[in-house]
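What follows is one structure encoded as structure tokens, with my remarks underneath.
The values are calculated or read from the model by the stated rules, or taken from the named source; none is laboratory data. This is a predicted model, so every value here is computed, not measured. Glycine gets a Cβ as well: all are built from the backbone with ideal geometry, and neighbour counts include every protein chain shown.
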């Protein structure tokens, strides 16, 4: 028996990927410090899958704690989610982001090398493309980040590239996520941010459930059809399936590869709001406020390479995204608490 180790496995994307892995017959270990997640999410994953997860509380910056996991369990691959992830907060606290995201990844890779575990799926981000002039964005587009969060993801991509150049026995899939939304169809697991949500969909659902009075729309003066930011929103279960496809790919000795995980369709903030209102029959009051530091106007993927190489593409519609997001929130008005 061998295991797939998920760092940050209790988080939003980690928990949905854990569920997909268990349903695919994999054995899963979650290593998470619960700084922005809940152990309750994995209890619910176990319930949905009817299978156990080994849950270990720990921080990816803690080399000895990581090494203990590798000593105790035969690990065949790692999916690395653990990171701080709020664009706005990264502008306020850049050192924390560099320490956790970049430092934690370096420590993880050192421990993996020590135990000769060299298959890694890395959770990167479309923020590495910065304010791209090419749309839709292919993996070959130039990279530059507009905020410290994006800089950490870009730095880690350079770290992993240099690691592979130094030792080509590694097999690494770098997954550049666009904008994950939605929740498992059961409504048992979903996105549960600490404090004020940084992402659009949980903010909308918290307004819908009455936790917040009004949605703040950050900027309506972008060069987009309605002036609000345009993004590529991807259902989290489609995203989880992308991790399974990438993991399977690693066992074919591919070296290092980069993949956009998105739908290839750009929707504006107001598109999402209108769809949510229409599908769920709930009014969402909103106000236009100033742009946030580090935000860009338009960003959506060219996902062709993921289809060609990984055999992966999205299946969920925007209607599925808003319906499943609301199903999670209305059944869990206070998240996992």
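On the stretch given as the stretch 253-307, residues that are under 25 Å from the mean Cα position of the chain (by Cα) and within 16 Å of residue 216 (Cβ to Cβ) total 11. Selection of the stretch 112-147 for residues being in a helix (DSSP H, G or I) and crowded, with 22+ Cβ neighbours inside 10 Å yields 112, 126, 127, 128, 129. For the stretch 218-246, a residue qualifies if it is crowded, with 21+ Cβ neighbours inside 10 Å and part of a loop (DSSP other than H, G, I, E, B), and the qualifying residues are 228, 229, 232. Taken over the stretch 188-207, the criterion of being more than 23 Å from residue 265 (Cβ to Cβ) and surrounded by 16 or more Cβ atoms within 10 Å (Cβ to Cβ) is satisfied by 188, 189, 192, 193, 206, 207.
Only residues that are part of a loop (DSSP other than H, G, I, E, B) and more than 24 Å from the chain's Cα centre (by Cα) were counted across the stretch 70-81, and they come to 2.
Of everything in the stretch 274-311 that is without any contact (Cβ under 8 Å) to a residue 12 or more places away in the chain and exposed (fewer than 14 other Cβ atoms within 10 Å of the Cβ), the residue that is farthest from residue 209 (Cα to Cα) is 308. Looking at 150, 182, just one residue is touching a strand residue (DSSP E or B) at 6+ places or on another chain (Cβ under 9 Å), modelled with pLDDT under 95 and under 28 Å from residue 270 (Cβ atoms), and that residue is 150. Name the single residue, out of those in the stretch 22-52 being crowded, with 23+ Cβ neighbours inside 10 Å and more than 21 Å from residue 109 (Cβ to Cβ), that is modelled with the lowest pLDDT. Ranking the qualifying residues of the stretch 22-52, first place goes to 37.
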